[in-house]
Amino acid sequence: VAVVFYMTPSYKNKRFIFQFIGIVAAVIISIVDDIVPKELFRSYYELIMEYKPKFVFTNILITLCTILYTSYFYEMELDMVRKELDYNCTHDTLTGLYNRRFLYDILKKGDNEEVVVAILDIDNFKKINDRFGHDIGDTILISVSDCLGTGDKAYFPVRWGGEEFVIYCTKTDVSNAYEHVSSVCSSISEQVILPDGSPVTVTAGLVDGTKNEFENAIKKADEYLYMGKQNGKNCIVWRENESRYI
């Protein structure tokens, strides 16, 4: 019993409770011979032997229930670990947004549908880190990700890497996607404020394409993003040589 309890998984800290019970049981079993006089065992031996099959059955039943109970906690813990691993594989640790792996998993599923891809980059993020420190930089990343939302059937925000984010748009056209991205950019500049009171802005590149041409679309969106950075930042570029300032 003590060994089985010791092997109990740590699901919701229940392991320590069972280990304590197991230790107490082991101590009682080990010292019972010293506590109870041997004469008492001898006097009741013949009487107890009459119930031996019931004692054996009860012992087996207790052991079986203990093993099943322990197995149940193992299954619960494995399920909890499995869900945690699935979450960590598809989400960014800092912001809680979907990560690249999740996006590429989406691209492998379904038909070759029309999509719109937007890359957003926080303006002057290196200067923010240098001036206010990386803790503030992490706070800015989290705040920006909050403005991007948690994703729905049409718009999936993704932490692309560093200070870059991707909004993967499905079941919509480029004009509607632009309106959504514009709204997100405006929310960022209104809600994300630096310690000195100045707003945080982002520059975005937006392009439409298909699932199978995602790599070309993301490359083109990155080029548009670079054009926006060169043209003063805080803008969305969604057609070549066309920038719209927020």
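The values are calculated or read from the model by the stated rules, or taken from the named source; none is laboratory data. All values reported here derive from a predicted model rather than from experimental measurement. Please note: Cβ atoms are built from the backbone with ideal geometry, for glycine as well, and neighbour counts cover all protein chains shown. Protein only, heavy atoms only, side chains kept; ligands, DNA and RNA dropped before computing areas. Shrake-Rupley method; radii C 1.70, N 1.55, O 1.52, S 1.80 Å.
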Between Val115 and residues 5 or more places away or on another chain, the pairs with built amide H atoms under 5 Å apart involve Gly209, Thr210, Lys211
To the nearest Å, what is the center-to-center distance of region 48-101 and region 151-206, using C-alpha atoms only?
42 Å
Please find the FRET efficiency linking Tyr87 to Glu114, where r is the Cβ-Cβ separation and R0 is fixed at 30 Å, and quote it to the nearest 0.05.
0.55
What's the extension gain from Glu39 to Asn124 if we count 0.36 nm per residue and subtract their Cα-Cα distance?
21.9 nm
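Once neighbouring chains are kept in place and the probe is 1.4 Å, which whole percent of the accessible area of region 133-224 is contributed by carbon and sulfur?
Using a 1.4 Å probe with all protein chains present, region 133-224 comes out at 45 percent carbon and sulfur.
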Pairs Lys171/Lys220; Lys83/Lys220; Lys108/Lys171; Lys126/Lys219: which are spaced more than 26 Å apart, C-alpha to C-alpha?
Lys83/Lys220
On the accessible surface of region 51-108, probed at 1.4 Å, how many percent belong to carbon and sulfur atoms?
66 percent
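Given R₀ = 45 Å, FRET efficiency for Asp138-Glu223 by Cβ-Cβ distance, to 0.05?
Computed FRET efficiency for Asp138 and Glu223 comes out at 0.95.
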Using label points projected 7 Å from each Cα along Cα→Cβ, tell me how many nm separate Ser186 and Lys171, to one decimal.
2.4 nm
Suppose the chain between Arg131 and Phe20 were pulled fully straight at 0.36 nm per residue; how much longer would it get relative to their current alpha carbon spacing?
34.7 nm
Accessible-area ranking of Val174, Val237, largest first, probe 1.4 Å
Val174, Val237
When the Karplus curve 6.51 cos²θ - 1.76 cosθ + 1.60 is applied with θ = phi - 60°, which whole-Hz ³J(HN,Hα) does each residue of region 99-108 get, with x for Gly and Pro?
10, 4, 4, 4, 5, 5, 5, 5, 5, 7
Provide the net charge surrounding Phe165, with neighbours chosen by a C-beta distance below 10 Å and charges set as Lys +1, Arg +1, Asp -1, Glu -1.
-3
Give me the Debye-computed log₁₀ of I(q)/I(0) at q = 0.10, 0.18 Å⁻¹ for region 100-210, equal point scatterers on Cα only, no solvent, two decimals.
-0.30, -0.86
Net charge around Asn112, counting only other residues with Cβ within less than 15 Å of its Cβ (Lys, Arg = +1; Asp, Glu = -1)?
-2
